[in-house]
Every structure is written in C-alpha cells, then in structure tokens.
Amino acid sequence: MNNKILPPFRLALLCIAAAIGLPTPSAADDAAFAMTEADFFTPLPTVLSATRLVQPLTDAPVAMTVIDREMIDASSAVNVADLLRLVPGFQVTYTEGIDAVTTYQGYADHFPRRMQVLVDGRSAYNPGINGMVWSALPLTLSDIERIEVVRGANAAAYGSNAFLGTINIVTRSPESVDHVTARGMAGSEHAREAELNLAERFGPLALSATAAYAGNDGFPHKYDGNASRMFTLRSAYHPTSLDTVTFNAGVRETDFDSESFRVPRKREYRAHYQQLVWEHVIGDKHDIRIQAFHNAFKSPDNVTFTDPGSGLLLNVDYSLETHRYDLEIQHRWSPADDWRISWGGGLRNDTVRGAGVFDSDQDLHRDLARLFANIEWHLRQDVTLNAGIMAEHYSDTGRFYSPRLALNWQPADHHTLRVSAARAYRMPTFLETHGELKVDVLLTPTAPDAIELLGTADNGAERIHSYEIGYLVDVPAINGVIDLRLFHNEVTRLLYEMEDEGLPGDPFRFDEAGSIRTNGIEVQAHVRPTPNSLLHLAYAYAKAEGGYITKIDANGNPAPSRSGNPRSVDPSVPEHTLTLLGSTKLGDGWQLSGTVYYVSPMEWLGEGDFVDSQSRVDSKLSKRIRHETGDIELSLNVQNLFNDPYWEFTSTDIDDNVSGNLAERRVYAQVKVSLR
Amino acid sequence: MDRRPKRSPASLTYRIVRLAVAMLIAALSVTVGAGGDDAFRVALVGSTEDQRTVTVMSAVEAALADACATHCAVVTRVDATLATSDLERAVAAVDLVVTIGSHAGQVMAQAARKTPTLYAFLPRVAWDELQTCCLPPTRPFSALLIDQPLQRQIALTRLVVPQATRLGVLLGEVSSERRDELEDAARARGYRLTVEQASADDIGAGLRRLVQDVDVLLALPDPAIYNRSTAYSILLTTYSARVPVIGFSEAMVKAGAAAAVHATPKDVGREVAQRIDTFRRTGQLQPAGYGDLFSVSVNREVLRSLQLPDFSDDDLLRSMERMAP
C-alpha cells in the first residue's frame, strides 16, 4: 500500500471530491486483493474511441501523418501550430508574435480557410473567418495525446472545409495523465510559461484540470507582445462497462499588442467551449456516439487612427463574435467481418456578430443539416474499398454532396497501393458572403465613409476534386513506414477578394475569381532504426498553375493591376517543403533531438508578401530524472541553432513600407515535474 | 477489502428452512448412470445462485454423463451458502467433494473434514490463502486453478504479436508473487522482460514508462492493477502507444485487449469431470495446478487497428493447441 504524503493540490482535489460525495481512492482499494474468480469475468469499460475509430494506415482511404506523444516530446515545437511543420506540405508562419498561421500547399493569407480542425471530434475552426485562430484555442502541448493529419480532401468523413486537409487533435485522457504535473518555461523574447495539471480518479469518474499561462514579447523590434491565460477541464465517466460519457470544457483569454492592418493597438481574444459526448457499445457489432458542443469566440477591435496619406481621422470596427452549436449522432456497425459502416447525421448553427465587419447590428446565422455514410469493405484479404459520402444542406448556400472513393491493395506483405478520388467544398466565410467592412471618417462630415471589404451574398462554395495514388511500405528491418503520395488537385470557383472599380471607393469584393490546379508528390518516412532512436522525414514537392482576378473595372472585366491580372497562383505555393526530425535517447535519462526545416520561397496573399526561402535547424536536449515519487524533466530547446535569421512573414502596406517578422535564434529552458 | 459475503447468525427458523432446502437439493441429486451402494458419489459445492458456478456444475455433469460407460458417478449439487453443519450433512457420504469458486472453497476448507476435496474454479491467490489458513497437508486435497500458466500466455503473445521482442508487465502486490515464474517463462521464449511495480493508486506513471520501452504488454491477474476503474486507462494508454495487450480474461478482450487466453466455466467444468474420473479410477487426486483446457479470445478490431496478423478465436486456439506441451 502506498502511504506517501499527498501533494497539497491533490489533497485539495480529494477533499472537494469527498465533500461532494464522490468515491475517492482509499487504502481499502489498495488492499483489494481478496481476489476471486469474479475478477476474471467482471465486464470492463470498453475503450471504444480508441479501438473502433482508428483505421490502420494500410486500410485508410487517405494519406495520414500521425504526430504522437513521442514526436511531440522530441520536437522543438513550443506550441500546437508549430507541430504541423512535421507534416509533409504544411507551412507554418507567424503573422505576429501570437498569431500562428498554418496552411497546406501554400496559397493562404492571414486566415487560411481550407482546412478542417477537430479537437476530440469537435470542429474548432472559427466560423467567422473559416480559419483556425490557434492563439484562441484552449489547449496546451501537454494536453495532446496525438495529432492525426489527413492530407487531402476528406469532406465525406469530416464535412465541408475538410478541403485540403484535416487536422484531428486527440487530447490525453484524464485517466492517462499523472496526478500532478507542473511545468515552467523561460526563454528568448521574455518567453515565460507556467502550467499546472491535476488529475484524479473517483471510481468510474476521472477528472483532469489544466491551468496555464504563456506570454512573450513577440518578434524583435515589433509591437506584438502577448500573454495568454487558459483553463481546461476534461472528464470521463463510465457508468457501465458499455458507456462512456466525456465532458470537456475550456476557456482562454489572450491579450496582445498588434500592428496588423497597420495600426498599433491593444487587442484581445476571448474564447471558450463546452463539449459533451456519450459513447455506447451495443453488443460486439454496434456502437453509438452522440456529441453536442458549443464554441464561442470574441475579439473586440475598434480602431481609430489618422490616415498618413489624407490626414483624416478614421475609424474601423473589426470586432467579431462567433458561436457554433453542434449536435451529431453517429452509428458504427460491423455487419460482417469484412464490413464496417459508419453513418449518422448532424445539425449545426453558426452565429456571427460584427457590427463593423458586416455593417449590421443583427446576428448572422447559418444553419447546417447533414447526413453521412462511410463504408469500409474488405473485398479480399488484400483489397479494401472505402466509399463515403457527405450530404450537407446549408441555410444560405444550398445543398452539397461530397463523395470519396478509395481502393487499397496489398500486392505483397508490407506493401500497400492506394488510389482515391474525392470531391469537397469549402463554404464561403461570413465575411465572403455578408462582409461590409466600412471605414468611418471621423470629424470631417463632408468626407464620405468608404467600404473597404465587401462580401457578395450569392457566392457559391469553392470546390475541389482531389485525386491521389499512394504507396505505403512497411520495412520491418528498420522498423519504418515509408509513405509516398502523388496528388492532383483541382480547385474551381476559387473565392478571392478583387478590387471592384464598379463600386464607389473601389472596395475589395469577394467573388469567384479563378481556379488552381496543383500537382505534387509527398514523401513521409517514419523510422525507428533502434528502440532508442527515431527519424521522421516529411517532404513535399508541389507545382501549381492557374490564377485569379485581382481587379475588375466598372464593366466587370479584368482591369490592369500591378500584381498581374489574373495573378498567377504559382508563387503562392512553395515548391519544396522539408522537415527532418531525428531523436535519440542517450541513456541515463538523456535525450537529444535535432530538426531541420526548409520551405521554398513563397508569396503570402492578402496582407502578406513574398517571403524568401526559410531554413532553420533546431536542437533540443532533455534529461529526465526518475524518482520514486515522480519525475523531473529538464530541457533546453534551441530554435534556429546557427542563428541564421530568416523572415517568417512580411507584408507591404499601401505606402510600400515593408514590415517583417525576423526569426532569429530562440532559446527555451523548461522544467517539468510530475508527481504520481 | 474483504469480498466474502457476510453471513448473519442464523435464526432457528432460518436454519430449519435451509435444512429443508438442503434435503430438497439432495433429493434432486443428478445421478449420472446407475446409482447404487457402490456408486461413486461426488458433491459439487458452490453458490447455486451464481450463474457461472451453475454453468461449471452443468458442464461437470454433462461431461461425466458423456464419459459414463461402465462406471458412473452420482453427482449432488450442494449450495455453499448453507450453514456449515448442513453442508457437513450434505457431503457426509460422498467420495469426493468438488468446490466451485473461492467462497465454496473457503467454506469447505474451514470445515474439518477428511473427505478428499478438489478446490476448483478459483484463482491461484485464493488457493494460496486457503492453504495457508485452513488446509493441513495431511488432508487429501487438490486444486484446479482458473489462472493460466504464464507459458501459455506467453505462447499466445508470440502468436498474436510475432514481431515483439520486448515484453512488458505491470506487477502489483498479488502478481508480484509470480515474478520468478514470469522471468523464467519470458527467458524461455527469448523475450526481453521489463517489469514495472505498481499499486492501485499509482498505475499511470509506471505504465507510461513501460509502454515506451516494450512491444507488448502482458496482463497478469491482479485486482489492484486490472479492475473496473483502471482497465480503461490502461487499455487507452497502451493503445495510444500502439502496444497490444495480452489479457487474462474474455472481458479484457471485449474492453480492448488484443487477445487473451482464459478458462471459461465450461472449460473448467469439463476438466473437473476429467479429474473426478481420474480420481474414481486411481483413488489419487492430480496435483494442484492450472488446467489443461482453455479458450482463446481475440479482438479483431484491435488486431486490425494495430496492424497485427488477423486471427479468429478458433484459428488461435488451434495454433495454441498445436504449441501446447
């Protein structure tokens, strides 16, 4: 029996539990070894989410990158978005110290909006901009169990917006974390982080709570310091061996200095979510998952500034508040050994409020009803067919059908060939459909207000046809899996902002602007040459063609523009993206990792500009000290080891002033203490 | 925690009622084959309200009936919840007492009787306790344990996870007693064994360390380690690390372990019948130990997800039987 002294936090948690009548772990449980034959027969809670959702790569209809806990610990990433550099074809940059921007196969502005992001099955991207605001996500790196990134369109499984890819983040179960974990980190640009996680089990209920603070001064010589506070709660309850109820909630408050849109000011994000999931196993062949969640996001941002050109005092209200309410039911069924079926439906309401952005005091709503079905059929021992379809009805844009078909063939042991085709849609953002961003001229009543951005309500949805051939080879000799993917994507009805001379003030108006065709190859190798070492290679080559209209004249025809019209998409898609991660355990608790990143030159859209090639070498050294009562882990993480500065993101304003985010060497020292 | 059912002092009326029930049960004795004065008499003592115990009893009777040719046995079911004196009376004239389950074993061990007794359908740890507390070596007894020999679990591990070379085990207070047996069995199959000592209050940290260093986790029966509260997190952690679990019960396989070798109540019943028959023929009880009959369960979803070779329960059982010594 374990008689060690309880840490005070844990003691507090136990006292609260006892006060509200929850069963607490006791010495009696410890000594529970009056074992009988019943211990061999008692039904145990079924680990449904783990065993039935995950499809082995050899059967999966898509190319996937799994970033597991081992890779997270080995990597030099200091936030969630940084981890995505480990995925072939992903680009990660920072438009400001706080704002990480992640895109796949380039072609993005401040707010990449062609990706689905799920956290434990909860769609977490912001419905206002259809993009991911990573700095408003209540989630720390320590909370993550693994990230599964689907490369390629997969709307049949995850709905529209699973357009170029899907990021599926799985958090650590409250039952699989240490009782107490405390972490402190300090580093370059006054980076400082503190985090405390408490976890406890009360009979069939497990709870885990995390409180965290993170802040830094952003990029050198830039007004982008930031500080963020968050709290998350995760719980799992097993009322019977066939039921699991999980409730997760989180809140995050981020305050930051910002120069975006050329005006230095104090800004803030306020976000929270609540998620309830019930999973129920019905016999050996069926299970049901019902999920309800709510996401909320608020970003007040009312800016008053003097326009340097005209000298006028101007006001723009960028404030945005969004809510997403979602209910989904899914039934998984295995009618025979060779068949697995997953089908279900869902309802969603997105509500957006932004008086200045939409020039309206009214809330804007978009309702979604959807039905989906995915079938996995093992035609033969060596052939798997995956077919799926998602039917969606949006209250404003209409009906969409996103099918997917994939055939996996294993011609020999350890070799899998995959051929797949999919269609997916990207719903326009509220800004693209209803935007009416006005610049109010203050103190000069004679000067008319100007509309800066205008959404066109009848915009259709962007459409992608995605084709791929994949080859997966498992090499037992080096304990490795090598994954090749050849792809061809055709995006049509591309929505983009074009300067419209036909409207007063020549505002930027979102409309159907062009098309893109992208061809490429991706290589991923995940190798463990020895039990103590790991190598992960992620490489992508992509070549895009096509273009989009940037300016139209009063007659609706393309007008001359200095950026070219139509503007070619080719520079916006980096030709090469490479990441190589190597890590080795040196014994006695020491671990050394190194990462090399390279991204070809690319042009960021919107406020962004041309950025030269980026290359960087990171290194991380950690030492784990094991003790009877817990572990201590010390780590030193150096990003850009050779201090070879490069530009993360640059933008050029209308007066041709270039401002950029220079990435220099950054050093972080961290200590993490976990108590059992 | 003492899991034995608590018994309150019986009132006179209650004792009379129980005696009547005992007599009724005796009257309903199943006679396998022709009875007679020289018939071989066996009492099956167990909790007759427990479904699994009843399944074992029925399997014993059915197997004996199948085997019955010239020499047959008279089998009597006796409810282990009767008062000790009633139990004594119910088993007074039998040649062999077979207890089914831990509770029946305790009850009969505490009664100072000389009748040869086979203690069946109980875990090894319960059997060890019985020997320590109540069974002088002079009394003729034996045991048929519900646990599986470690060689058998490790043989299953070899079949289900053929690539594995590093075997991990979480040991608690109960299972620690099998450490030597474990080390021998792992060595014999060429596994590198990693053991983490854990307690009911502290499984997570040891488990997370373990899954980083092993290819497969072998679960040994230990209520402090594997129970309703802990199984979920153990299976989740191992699954996340893509480490398959070889369990010791069908329940574990249903919950998410890759496979398990275990004895079903029917397996136990059939084996008890074999041992009864041997005793009838030789007058000797086979030594106490694990059974020869077993079943295998696999979770094909888990095998598929972890990209392990696909097996059905029957495939595996046949392979195991071929490997069996």
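Miscellaneous remarks
- Among the residues of region B:119-155, the ones that are in contact with a helix residue (DSSP H, G or I) (Cβ under 6 Å, 6 or more places away or on another chain) and either more than 14 Å from chain A (Cβ to nearest Cβ) or part of a helix (DSSP H, G or I) (or both) come to 8 in all.
- Some residue of region A:537-546 being farther than 25 Å from residue A:150 by Cα and surrounded by 15 or more Cβ atoms within 10 Å (Cβ to Cβ): no
- Candidates are the residues of region A:667-676 that are aliphatic (A, V, I, L, M) and within 14 Å of chain B (Cβ to nearest Cβ); the one that is nearest to residue A:191 (Cα to Cα) is A:673.
- Residue list for region B:58-80, filter: within 10 Å of residue B:270 (Cα to Cα) and in contact with a Gly (Cβ under 6 Å, 6 or more places away or on another chain): B:59, B:60
- Looking across region A:25-42, just one residue is more than 7 Å from every other protein chain (Cβ to nearest Cβ) and at pLDDT 50 or above, and that is A:38.
- When the residues of region B:162-177 are filtered to those that are in a loop (DSSP other than H, G, I, E, B) and either open to solvent by 10 Å² or more (accessible area, probe 1.4 Å) or hydroxyl-bearing (Ser, Thr, Tyr) (or both), the one that is nearest to residue B:201 (Cα to Cα) is B:173.
- If you go through region B:149-163 and keep only what is of a type in the set (Lys, Arg) and touching a strand residue (DSSP E or B) at 6+ places or on another chain (Cβ under 8 Å), you end up with just B:152.
- Close contacts from region A:49-64, counting a first residue that is under 11 Å from residue A:157 (Cβ atoms) and a second that is modelled with pLDDT of 80 or more and of a type in the set (A, V, I, L, M, F, W, C), with Cβ to Cβ under 6 Å and a gap of 6+ residues or different chains, come to A:61/A:406; A:62/A:150.
- Against the list (1) facing chain A (nearest Cβ under 10 Å); (2) buried (at least 21 other Cβ atoms within 10 Å of the Cβ); (3) not small (Gly, Ala, Ser), the condition residue B:261 fails is (1).
- Identity of the residue in region B:207-236, under 25 Å from residue A:479 (Cα atoms) and modelled with pLDDT under 85, that ends up most open to solvent (accessible area, probe 1.4 Å): B:212
- Those strands (runs of 3 or more DSSP E) lying entirely in region A:627-666 with at least 3 residues away from chain B (no Cβ under 14 Å), at negative phi and at pLDDT below 95: A:646-652, A:658-663
- Candidate set: region A:194-238, residues that are in a strand (DSSP E or B) and hydroxyl-bearing (Ser, Thr, Tyr); chosen: the one most open to solvent (accessible area, probe 1.4 Å): A:237
- Residue in region A:468-487 that is at pLDDT 90 or above, out of contact with any Leu (no Cβ under 6 Å at 6 or more places or on another chain) and more than 28 Å from residue A:525 (Cα to Cα) present: no
- Residues that are crowded, with 24+ Cβ neighbours inside 10 Å and over 21 Å from residue B:75 (Cβ atoms), drawn from region B:103-122: none
- Just one of the listed residues (A:101, A:117, A:87, A:66) is over 24 Å from residue A:596 (Cβ atoms) and touching a strand residue (DSSP E or B) at 6+ places or on another chain (Cβ under 9 Å), and it is A:117.
- Positions within region B:195-234 being part of a loop (DSSP other than H, G, I, E, B), at the interface with another protein chain (Cβ under 9 Å from one of its Cβ atoms) and under 17 Å from residue B:253 (Cβ atoms), in sequence order: B:221, B:226, B:227, B:228, B:230
- If you go through region A:563-585 and keep only what is open to solvent by 40 Å² or more (accessible area, probe 1.4 Å) and assigned to a strand (DSSP E or B), you end up with A:567, A:568, A:576, A:578, A:580, A:584, A:585.
- Residues of region A:308-324 classified as modelled with pLDDT under 90, within 16 Å of residue A:267 (Cβ to Cβ) and buried (at least 17 other Cβ atoms within 10 Å of the Cβ), total: 1
- The number of residues in region A:58-92 that are surrounded by fewer than 24 Cβ atoms within 10 Å (Cβ to Cβ), among the hydroxyl-bearing types (Ser, Thr, Tyr) and away from chain B (no Cβ under 14 Å) comes to 1.
- The residue that is nearest to the other protein chains (Cβ to nearest Cβ), among those in region A:325-340 that are surrounded by fewer than 18 Cβ atoms within 10 Å (Cβ to Cβ), touching a Phe, Trp or Tyr at 6+ places or on another chain (Cβ under 8 Å) and of a type outside the set (Phe, Trp, Tyr), is A:338.
- Residue selected from region B:306-325 under the condition within 13 Å of chain A (Cβ to nearest Cβ) and in contact (Cβ under 8 Å) with a residue 24 or more places away in the chain, by the criterion most open to solvent (accessible area, probe 1.4 Å): B:309
- So residue A:340, is it part of a strand (DSSP E or B), among the charged types (D, E, K, R) and at pLDDT 95 or above: no
- Where residue B:299 falls short, out of the listed (1) under 17 Å from the mean Cα position of the chain (by Cα); (2) closer than 22 Å to residue B:150 by Cβ; (3) within 14 Å of chain A (Cβ to nearest Cβ): (1)
- Of the residues making up region A:586-598, not one is buried (at least 16 other Cβ atoms within 10 Å of the Cβ) and not in a strand (DSSP E or B).
- Residue B:285 meets all of the listed conditions (1) within 30 Å of residue B:43 (Cα to Cα); (2) modelled with pLDDT under 95; (3) not in a loop (DSSP other than H, G, I, E, B) but one, namely (3).
The values are calculated or read from the model by the stated rules, or taken from the named source; none is laboratory data. What you see is a predicted model; the values in this text were computed from it and never measured. Positions of Cβ are generated from backbone atoms using ideal geometry, with glycine treated the same way; all protein chains shown enter the neighbour counts. In case anyone asks, the SASA skips ligands and DNA or RNA and just uses the protein heavy atoms, side chains included. Shrake-Rupley method; radii C 1.70, N 1.55, O 1.52, S 1.80 Å.
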